[in-house]
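The structure under discussion appears below in the form of structure tokens.
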Amino acid sequence: MWRYIAIPFLLASVWTRAFDPTQLNLVELRGDPSFLHAGTITHVHVLADGHRVLTTARDGTARIWDLETGNELRRFLHPEGADVWFALPILKGTQLITAGGHKAVTLWDMASGKELRSYPHGDTVFRLAVNADASLIAATDRDDLCLLWDRVSGEKAMELKGHSSSVYSVFFLDEKEVITASNDKSVRRWDVRSGEELDKINRKTGCIYTLALAPNRKRFLVFTADSGVECWTSDGNKAVWTAAFPEDVRNGAWSPRGDRVAAICDDAHLYILDGKTGAELHKIPLPGKTHYGVDFSIDGKQVLCGCEQLLCRFDVESGERMYPAPGPVKLGYVKSFHELPDGKRTIELGSDKGILLRNKADHSLIETWLPGVDINHLSLHGASNRLVAAAEDGVAYMLDLASGETVNQFNLGDDVNQVRFYDEGRKLATAGDNKRLVSWDVASGERILKFKGHKSSVRWIEISQDNRRLFSISSDKTLRVWDLMSGTLLATLSGNEEVLSVCRVHPGDHRSIIAAGKKALYYWPMKPPEARRKLQPEDLAKLVSQLGASRFAVRESATRQLLTAGEAIIEQLAGMQSDDPEVSHRLERIRAASLRSDLYEAADHFVLKLEGPCSNFNFHPDGVHWVCTEGAGAGVTLVFGAIKEGKLVILHRIPDPNSPHGLLFVDEKTLRTTNRNGTFGFYR
């Protein structure tokens, strides 16, 4: 059982001995991380040895994998976890160049993973190419440019200007010419020495996503946004063949012999075409909905394709999926994880619209619920065997865990971001994009209260364990504290004018709050106010009369003053009656709040600066220690700290390559993480 401490910082030294984060180690990792990134895969490239594959993703990394085992061999981490859109091995695989959202081309040593040089751009870099001896690097970006860099000196050699929109693709035709493609619907050929535009192909519709040069360098492919693939001669004078598709074609590749073409279409299919005629040979369904990178194996017998975060492999001749094994494929990271009271089953929510029921012992799947809409958050009440899912269609769905059937719905009208059971499962709080923060009666489905005050979408809610306060975080850059019984706003807090991501309430005193910001933790220790005397009869009468005022702000102000007057006000209000329904309603809510001497006022907050973005935070059961994430993408570190002398201090850091984002102490010695690469970690 969790132990709660009313004044945690006085016992910090005792609990430091009981819980020592420096002794924690990752003792168990569940799930299969093979070929799995923590973000959407953007590029796939099989290395020349045929035994390794290079992938890039929107998790800030380029990675090299063993094709046979699926083991990760090397990782290249972009600055601040910026998206990586492309990577290319050069100089016989001794060096690597990458491009992405950090607005630069980066040169790496392949063996050590060490960054060697950076070539700065003004915006996101999409594609790269090098000439025969890799002395020149061509890089395209969102600034409508293709820049040529001298690899050795790091100096800019030339700017190829002429496109009127983002340049998405580039390749060297030979030592004299380079070809680019753009969102402006044109393919252009340039003289490398002078920078002069030599020729261009103007298309009437559809931007061009990617180009692919044939192995014999005599033809190239154009993959377009108007549902087509075009094959052209290298001089751009003749279209050899065209192939039509039902939706946009994002990417594609030639087989090593040039006899096959692989094309990824937005209809969630991989197409295998005849390289000479463009005739369709296979139409292969792909898991997930986002697909970018694709390449053939060195022998041409397999196609490797990025399917959201997972690298899948297909047999070219049969069109069958080789990895993962045939059957349903789980994509996306785990958003949240819950253990059922029976201790034998777990519930997890994935970013792929799935709610999964598993055996705790072996992690085997019992049942999958796919409601057909994106689910943002889950709240579990084990005693009633009920689960509530907050959905992007504006509805909170209540499921019966035994049958998997929907037993009730709570309509918020817009995206539901958070949902929480409280009052022993009898009530529910929901928060959404339309500024709405509402409490509901679970049995009837009727709305109990609206919590009015936020000026933008409510991103996070938390309820104190004594069921007396509701804490909400909004895009309006505030953290607000509400009386859960009356709906009255008790405090408006702000973390240096930034949007906070998550807040947690102290498990012992039910008042102190720690919230995570972009690169900081904010700590508001809550303390009881000074004892207050009974209100004078005339002051009490004035406040009660204002409970029925026509202006909402006046009614709220009077309610708040009565709520914060202390326990004595309950006795004074006990015999009061009113013919005004609004006044009677508010008096009833104030009496129901059962306010005692532990009302609080927000003291000045304390700030703890972090080295990277923080997306989650949680308390240790002792109420003294805590853990948070630091960093983004694949460069996430677990930061362990404590509350000492009323301030937050850092005790220990543990880098975690599995990209943790969910943090929960399952007992006083075990931390469980849910990770963006689809795994679960257990630290003890």
Filter result for Val167 (buried (at least 19 other Cβ atoms within 10 Å of the Cβ) and of a type in the set (Val, Ile, Thr)):
yes
Criterion (surrounded by fewer than 17 Cβ atoms within 10 Å (Cβ to Cβ) and in contact (Cβ under 8 Å) with a residue 40 or more places away in the chain) met by exactly one of Ala57, Ala87, Ala48
Ala48
Can we say Pro324 is modelled with pLDDT under 80, more than 19 Å from Pro660 (Cβ to Cβ) and of a type outside the set (S, T, N, Q)?
no
Single residue of Leu543, Leu562, Leu521, Leu610 found to be at pLDDT 70 or above, crowded, with 16+ Cβ neighbours inside 10 Å and over 30 Å from Trp460 (Cα atoms):
Leu543
Per the filter on region 383-405, residues outside any loop (DSSP other than H, G, I, E, B) and crowded, with 18+ Cβ neighbours inside 10 Å are Arg386, Leu387, Val388, Ala389, Ala390, Ala391, Val395, Ala396, Tyr397, Met398, Leu399
Keeping to region 620-645, report how many residues are assigned to a loop (DSSP other than H, G, I, E, B) and in contact with a Pro (Cβ under 6 Å, 6 or more places away or on another chain).
3
Are there any strands (runs of 3 or more DSSP E) wholly within region 32-106 with 2 or more residues that are under 20 Å from Asn251 (Cα atoms) and among the polar types (S, T, N, Q), and if so which?
52-57
For region 116-155, which positions are charged (D, E, K, R) and more than 17 Å from Ser169 (Cβ to Cβ)?
Arg117, Asp133, Asp150, Arg151, Glu155
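Rundown of residues vs (1) modelled with pLDDT of 90 or more; (2) over 25 Å from the mean Cα position of the chain (by Cα); (3) within 22 Å of Arg672 (Cα to Cα), yes/no style:
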{"site": "Gly354", "(1), (2), (3)": "no, no, yes"}
{"site": "Gly382", "(1), (2), (3)": "no, yes, yes"}
{"site": "Glu392", "(1), (2), (3)": "no, no, no"}
{"site": "Leu401", "(1), (2), (3)": "no, yes, no"}
{"site": "Val419", "(1), (2), (3)": "yes, no, yes"}
{"site": "Asp441", "(1), (2), (3)": "yes, yes, no"}
{"site": "Lys455", "(1), (2), (3)": "yes, no, no"}
Could you grab me the full set of residues in region 13-43 that are modelled with pLDDT of 85 or more and either of a type in the set (Ser, Thr, Tyr) or touching a His at 6+ places or on another chain (Cβ under 7 Å) (or both)?
Phe19, Pro21, Thr22, Ser34, Thr40, Thr42
For residues in region 16-38 being hydroxyl-bearing (Ser, Thr, Tyr) and surrounded by 14 or more Cβ atoms within 10 Å (Cβ to Cβ), which is nearest to Arg74 (Cα to Cα)?
Ser34
Complete set of residues in region 226-239 that are in contact (Cβ under 8 Å) with a residue 24 or more places away in the chain and of a type in the set (A, V, I, L, M, F, W, C)
Val229, Cys231, Trp232
Let me confirm something: among Ser439, Ser464, Ser486, Ser444, which residue is among the hydroxyl-bearing types (Ser, Thr, Tyr) and either touching a Gly at 6+ places or on another chain (Cβ under 7 Å) or closer than 14 Å to Cys503 by Cβ (or both)?
Ser464
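To keep it simple, each residue is scored yes or no on (1) within 25 Å of Asn616 (Cβ to Cβ); (2) out of contact with any Lys or Arg (no Cβ under 8 Å at 6 or more places or on another chain); (3) of a type in the set (D, E, K, R).
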{"site": "Thr406", "(1), (2), (3)": "no, yes, no"}
{"site": "Thr430", "(1), (2), (3)": "yes, no, no"}
{"site": "Val438", "(1), (2), (3)": "yes, no, no"}
{"site": "Ile448", "(1), (2), (3)": "no, no, no"}
{"site": "Lys452", "(1), (2), (3)": "no, yes, yes"}
{"site": "Trp460", "(1), (2), (3)": "yes, yes, no"}
{"site": "Arg469", "(1), (2), (3)": "yes, no, yes"}
{"site": "Gly487", "(1), (2), (3)": "no, no, no"}
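Return the only residue of Asn417, Asn408 being touching an Asp or Glu at 6+ places or on another chain (Cβ under 8 Å), assigned to a strand (DSSP E or B) and assigned by TED's automatic domain parsing to the domain that holds Ala389. Outline the logic, then answer.
Working: Asn408 fails: touching an Asp or Glu at 6+ places or on another chain (Cβ under 8 Å).
Criteria check complete, one pass: Asn417.
The values are calculated or read from the model by the stated rules, or taken from the named source; none is laboratory data. Quantities reported herein were computed from a predicted structural model and do not represent experimental measurements. Counting neighbours? That spans all protein chains shown, and the Cβs are built from the backbone with ideal geometry, glycine included.
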